[in-house]
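The values are calculated or read from the model by the stated rules, or taken from the named source; none is laboratory data. Keep in mind that this is a model prediction, so the values were computed, not measured. Virtual Cβ from ideal backbone geometry, glycine too; neighbours counted across all protein chains shown. Ligands, DNA and RNA are stripped out before the accessible areas are found, and what is left, the full protein with its side chains, is counted by its heavy atoms. Shrake-Rupley method; radii C 1.70, N 1.55, O 1.52, S 1.80 Å.
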Amino acid sequence: GRDADAILTAAAEGSLAALVIGGVDPDDVADPRLAARALDRAGFIVSLEIRRSAVTEHADVVLPVAPPVEKAGRYVTWEGRRRPFDLTITNTGAISDGRVLHALAEEMEVELGLPSTAAARDELVLLAPTPTRAAAAPTVAAAAPTVPGKGEALLATWPELIDAGRLQDGDDYLAGTAKPARALLSAATAAEIGVADGGTVAVATDRGTLMLPVVVAELPDRVVWLPTNARGYPVRATLGAVAGSVVTLANSDAPPVVGVAGGAS
């Protein structure tokens with residue numbers, strides 16, 4: 001019943017004997033440092049991968065799985081929209097992640113009941129809310145909204161299509177078409193910290209700092225948008241922050257303030 005953060009926390013504390021990791025890059029989770037500790041402390045690691053990753057060096061067993069064109073599945077967009085896709089290249093002998101998980105469950109004497117993509121899709125349909133069976137109302141009260149102070153901002157962020165993602169390893173030409181890293185601020189927020197469009201802002205937490213060029217855009221005041229994983233600017237790994245976190249902003253082009261001490265006459 002644990003979510004990803006709770007699983008990683010338990011592994012980092014040494015209370016989980018083993019982990020099965022499927023296609024997860026440690027820098028993609030909310031706290032990459034926690035993921036690194038979990039990989040170090042887990043007693044046994046099974047990795048399901050298409051290619052070598054940061055998990056590979058920690059894995060006791062690596063099970064190669066089929067790439068997307070050799071299996072059927074479903075993506076879910078950041079808006080929650082389902083995007084199913086079918087098998088494109090057949091008869092390669094590559095095994096899908098679902099079949100591997102089903103086989104592992106059988107070895108552990110667990111009746112997963114999902115021997116195929118079709119079976120998994122059918123079960124997801126049964127679990128999903130429908131017009132005749134709406135999801136239950138939340139039982140947890142909403143937290144009060146965070147109000148950033150002067151020199152602070154709420155972080156807005158999401159990954160862009162071409163960034164430092166692992167599937168672009170080795171293709172410098174494709175990587176070169178990525179949008180440049182930048183920080184989007186409203187005109188009022190930029191003015192508050194004294195930075196101009198095209199200037200440089202330092203976005204920081206108690207864990208680290210990123211310096212990016214500023215683009216003034218139509219954003220709410222005291223909100224800063226950053227690409228999550230632009231090359232050389234890993235937001236989660238450097239800042240330890242996710243969307244909704246409070247970060248500090250400073251004009252990194254401004255000259256340092258030099259204090260002058262005066263004596264009593």
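For this structure, a couple of remarks:
- Single condition ASP197 does not satisfy, out of (1) out of contact with any strand residue (DSSP E or B) (no Cβ under 6 Å at 6 or more places or on another chain); (2) free of Cβ contacts under 8 Å to residues at least 60 places away in the same chain; (3) of a type outside the set (Val, Ile, Thr): (1)
- Segment 31-49 - residue that is of a type in the set (A, V, I, L, M) and either touching a strand residue (DSSP E or B) at 6+ places or on another chain (Cβ under 8 Å) or open to solvent by 10 Å² or more (accessible area, probe 1.4 Å) (or both) and, of those, nearest to GLU107 (Cα to Cα): VAL46
- Among residues of segment 207-233, those that are more than 12 Å from LEU184 (Cβ to Cβ) and crowded, with 19+ Cβ neighbours inside 10 Å, counted: 6
- Filter pass, ALA66 being closer than 19 Å to GLN168 by Cα, buried (at least 18 other Cβ atoms within 10 Å of the Cβ) and not basic (Lys, Arg): yes
- Scanning segment 134-171 for residues that are more than 23 Å from VAL203 (Cβ to Cβ) and within 22 Å of the chain's Cα centre (by Cα) yields ARG166, LEU167, GLN168, ASP169, GLY170, ASP171.
- Across segment 87-97, a minimum of one residue is classified as surrounded by 13 or more Cβ atoms within 10 Å (Cβ to Cβ) and either touching a Cys at 6+ places or on another chain (Cβ under 6 Å) or closer than 18 Å to VAL24 by Cβ (or both).
- Residue check, LEU48 outside any loop (DSSP other than H, G, I, E, B) and under 22 Å from THR238 (Cα atoms): no
- Near pairs, Cβ below 8 angstrom, 6+ apart or cross-chain, from segment 19-37 (in a loop (DSSP other than H, G, I, E, B)) to any residue that is of a type in the set (Val, Ile, Thr): GLY23/ILE50; GLY23/VAL65; VAL24/VAL55; ASP25/VAL55; ALA30/VAL242
- If the condition is being under 30 Å from the mean Cα position of the chain (by Cα), in a loop (DSSP other than H, G, I, E, B) and either over 19 Å from ALA72 (Cβ atoms) or modelled with pLDDT of 85 or more (or both), then segment 117-133 contributes only PRO129.
- Per-region count, segment 102-114, residues open to solvent by less than 80 Å² (accessible area, probe 1.4 Å) and closer than 23 Å to VAL62 by Cβ: 7
- Selected residue [among the charged types (D, E, K, R), assigned to a helix (DSSP H, G or I) and without any contact (Cβ under 8 Å) to a residue 24 or more places away in the chain] from GLU79, GLU57: GLU57
- For LEU16: the one exception among (1) outside any loop (DSSP other than H, G, I, E, B); (2) surrounded by 12 or more Cβ atoms within 10 Å (Cβ to Cβ): (1)
- Selection from segment 152-197 of residues that are in a loop (DSSP other than H, G, I, E, B), open to solvent by 60 Å² or more (accessible area, probe 1.4 Å) and within 20 Å of VAL223 (Cα to Cα): PRO159, PRO180, ALA196, ASP197
- Looking only at residues of segment 43-84 that are under 19 Å from the mean Cα position of the chain (by Cα) and of a type in the set (Phe, Trp, Tyr), we find that the one that is modelled with the lowest pLDDT is TRP78.
- Residue tally, condition more than 20 Å from the chain's Cα centre (by Cα) and either among the β-branched types (Val, Ile, Thr) or farther than 20 Å from ALA164 by Cβ (or both), over segment 197-227: 15
- Within segment 85-116, if we keep just the residues that are outside any helix (DSSP H, G or I) and of a type in the set (A, V, I, L, M), the residue that is modelled with the highest pLDDT turns out to be VAL110.
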